[in-house]
Amino acid sequence: MKKIITLLALISALTFSQCREDEGPQYGCQTGISKSDPSKGRVFIRCCTEKEHQAGSNVNIGGISGFTNYTQVQWQPIDDCKKCR
């Protein structure tokens, strides 16, 4: 009986931990300062996931080629991409 209770507890713990990790993509606003016109200050680049933001200019893993056109690029999580602009 103890083995069954232990097994059920382990299954419950694994199920709960997987549910919390798999919340789906969390989007955010990616902003930066344009190298070509820094006088504009911080500008909106795109709405993307944190993983896409971290990809930088590597388009093979979700980045964008224009990433290198900006400095001080930041990503801020947001619940609605329409709020980025």
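The values are calculated or read from the model by the stated rules, or taken from the named source; none is laboratory data. Just so it is clear, the model here is predicted, and its values are computed rather than measured. We place every Cβ from the backbone using ideal geometry, glycine too, and count neighbours over all the protein chains shown. With ligands, DNA and RNA removed, areas are computed over all heavy atoms of the protein, side chains included. Shrake-Rupley method; radii C 1.70, N 1.55, O 1.52, S 1.80 Å.
Worth pointing out:
- Taken residue by residue, region 8-25 has at least one member that is outside any helix (DSSP H, G or I) and either in contact with a strand residue (DSSP E or B) (Cβ under 6 Å, 6 or more places away or on another chain) or modelled with pLDDT of 95 or more (or both).
- Close pairs (8 angstrom Cβ cut-off, 6 or more residues apart or separate chains): touching a residue at least 40 places away in the same chain (Cβ under 8 Å) in region 43-71, exposed (fewer than 13 other Cβ atoms within 10 Å of the Cβ) and assigned to a loop (DSSP other than H, G, I, E, B) anywhere: 44/85
- The number of residues in region 35-59 being open to solvent by 90 Å² or more (accessible area, probe 1.4 Å) and farther than 18 Å from residue 25 by Cβ comes to 5.
- Scanning region 60-85 for residues that are in a helix (DSSP H, G or I), of a type in the set (Gly, Ala, Ser) and open to solvent by less than 50 Å² (accessible area, probe 1.4 Å) gives a single hit, 66.
- Only one of 28, 56, 63 that is out of contact with any Asp or Glu (no Cβ under 7 Å at 6 or more places or on another chain) and not hydroxyl-bearing (Ser, Thr, Tyr): 56
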